[in-house]
Amino acid sequence: MRIVRDFQTAKTILQRSSFGSDEVSAQIKQRTKEVFAEELTPEEAVAKIVAEVRDKGDAALFDFGKRLDGVELKSLKVDKQEINDAYRKVDEELVSALKLAAERITAFHTAQMRYSLKEFMEGGLGQLIYPLQRVGIYVPGGTACYPSTVLMTAIPARVAGVEEIVLVTPPGRDGAVPAPTLVAADMAKVGRVFKVGGAQAIAALAFGTESIPKVDKICGPGNIFVILAKKMLFGIADIEGLPGPTETMIIADDSADPALCAADLLAQAEHDVLASAILIAISSELAEKVNQEVERQLGLLKRRSIASESLGNRGYIIVADNMAQAIELANFYAPEHLSLMVADAFSYVRKIRNAGTIFVGESSAETLGDYVAGPSHVIPTGGTARFRSPLGVSDFLKLTSVIDLSYDDFEALGPTAATIARAEGLSAHALAVEARLKKRGKR
């Protein structure tokens, strides 16, 4: 990993850039050209996909399944028998692990409801809080399997009281959804599961097709095509955010174990060649030790080629003079995951303003957050932790304001409203107030 020892250079490196066409590999560009018979940017390709799904519905989904995923499907929907069969294909240890994760995720988000459901009426004013009626969950798939993402997205929606949860995920080459994904969907009480992925799945959820229902909100992580589709379709449906490639930042001092710091960096780097793994070390000696450990541990990984490319592209070790500098860099970068591997770690938590999730101390490993700790692992990336929150119960609730004023309230407030209305040139607004005042015999 590259070691940076200058504070201003580090800030320049950590400066965010937009996630777009420059993030696409040559292989993806070539594949896009083969599918569409012309060179297209990801934005142009997604626009074509969205338009076809909007105009042709299921026919477009079957077509893109064949053209993009190489899978010919007879049906888009996963039937009940496939879900029942999935339990027989998953070993008991994994089923037990998923159950424990589901219990902890449910408990954490149930506790959030105490803060979310505060309906009130006071002085004739208030709010009503309703769960969304139908939500779409996107779970990446195809060559990989992410049952944890099913639990981390569907359970907060279910706890919030969403009436129907619809899941879309790409099928494998055999045309089937991976068994662990189906088991997790069943545990999370997902209503319907469909075998469709990519930008076409997002478009199907946004517009609705003959098979897939239109939803109120779309949640879940994905590749650049999924992200661009979500961005493009915001307004047709609500979008929880644009979670892109994973990223981690570790702040470590001399009390940290270099081997554990390296392990945590590699745990995120193995996700994707576009993943970012960054260490801020409070000493040059620790920086060198962690770098040596990264090289040693890389050779032990099954996905070492991915992790190696990720670290080569976006991996950095930054040497800071002190904790104040390290925290300044962390707040500037606003990482998805921030691990505090320092002495008296909790004392620094309140100083972190911009981070998706903070992992406090050696025992709070990021891997636990990915799977079983409780909070959702759908966390803002790309610096959006400056203004967005991790996925939670509140993402699936909406508010309706209530105004129930008495005539005494109206008589006290009406003239003020009429004055402001006339200042804005909206005489009908003012007359609507004055007519009521006249009816009450007030000037």
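Let me check I've understood the local charge: for L338, count other residues with C-beta under 12 angstrom from its C-beta, Lys and Arg +1, Asp and Glu -1. What total comes out?
-2
Ranking I318, I129 by Cβ neighbours within 10 Å, fewest first, what do you get?
I129, I318
May I ask which of K195/K230; K56/K217; K80/K230; K33/K230 have a Cα-Cα span longer than 20 Å here?
K56/K217; K80/K230; K33/K230
To the nearest 0.05, how large is the calculated FRET efficiency for E164 and R88 if R₀ is 35 Å and r is the Cβ-Cβ distance?
That pair, E164 with R88, gives E of 0.85.
Would you calculate, for the chain, the mean residue ellipticity at 222 nm contributed by helices, counting each DSSP H stretch of 4 or more residues as -39,500 (n - 2.57) and dividing by all residues, to the nearest 500?
-14500 deg cm²/dmol
For K99, go through the aspartates and glutamates and keep the ones whose alpha-carbon is under 20 Å away, minus same-chain ones fewer than eight residues off.
E82, D85, D91, D186, E366, D370
Output the 0 to 90 degree angle, nearest 10, between the alpha-carbon long axis of helix 258-269 and the longest principal axis computed from the alpha carbons of the chain.
For 258-269 against the chain, the angle is about 60 degrees.
In terms of Cα to Cα distance under 30 Å, which lysines are near enough to K289, apart from those fewer than 8 places away along the same chain?
Cross-link targets: K11, K302, K351.
Would you mind pulling out the separation of the Cα centroids of the range 90-151 and the range 377-428, in Å?
With the range 90-151 and the range 377-428 each reduced to a Cα centre, they are spaced 26 Å.
Mind checking the angle between helix 26-36 and the chain's longest principal axis? C-alpha axes, 0 to 90 degrees, to the nearest 10.
50 degrees
Give the percent of DSSP beta bridges with both residues in the chain that are antiparallel, rounded to the nearest 5.
Here the antiparallel bridges make up roughly 25 percent for the chain.
So, counting K/R as plus one and D/E as minus one, what does the shell of residues with Cβ under 12 Å around K99 add up to?
Neighbourhood net charge equals -3.
If you take the square roots of the eigenvalues of the alpha-carbon gyration tensor of the range 253-314 and sort them as a ≥ b ≥ c, do you get rounded (a/c under 1.5), prolate (a/b over b/c) or oblate?
Because a/c hits 1.5 or more and a/b exceeds b/c, the range 253-314 counts as prolate.
Measure nothing but the geometry: give the 0 to 90° angle between the long axis through the Cα atoms of 80-89 and the longest principal axis through the Cα atoms of the chain, rounded to 10°.
For 80-89 against the chain, the angle is about 30 degrees.
What is the order of F234, F64, fewest Cβ neighbours within 10 Å to most?
So the ranking, lowest neighbour count to highest, is F234, F64.
Order these by the 10 Å Cβ neighbour count, fewest first: F62, F225.
The most exposed by this proxy come first: F62, F225.
At a 10 angstrom cut-off on C-beta neighbours, averaged per residue, how do the peptides 78-88, 40-50 rank from highest to lowest?
Put in order of decreasing packing, that is 40-50, 78-88.
Read-outs: derived from the displayed coordinates by stated rules, not from any lab. As the structure is a computational prediction, the values presented were derived from the model and not from experiment. Every residue, glycine among them, receives a Cβ derived from its backbone with ideal geometry; neighbour counts consider all protein chains shown.
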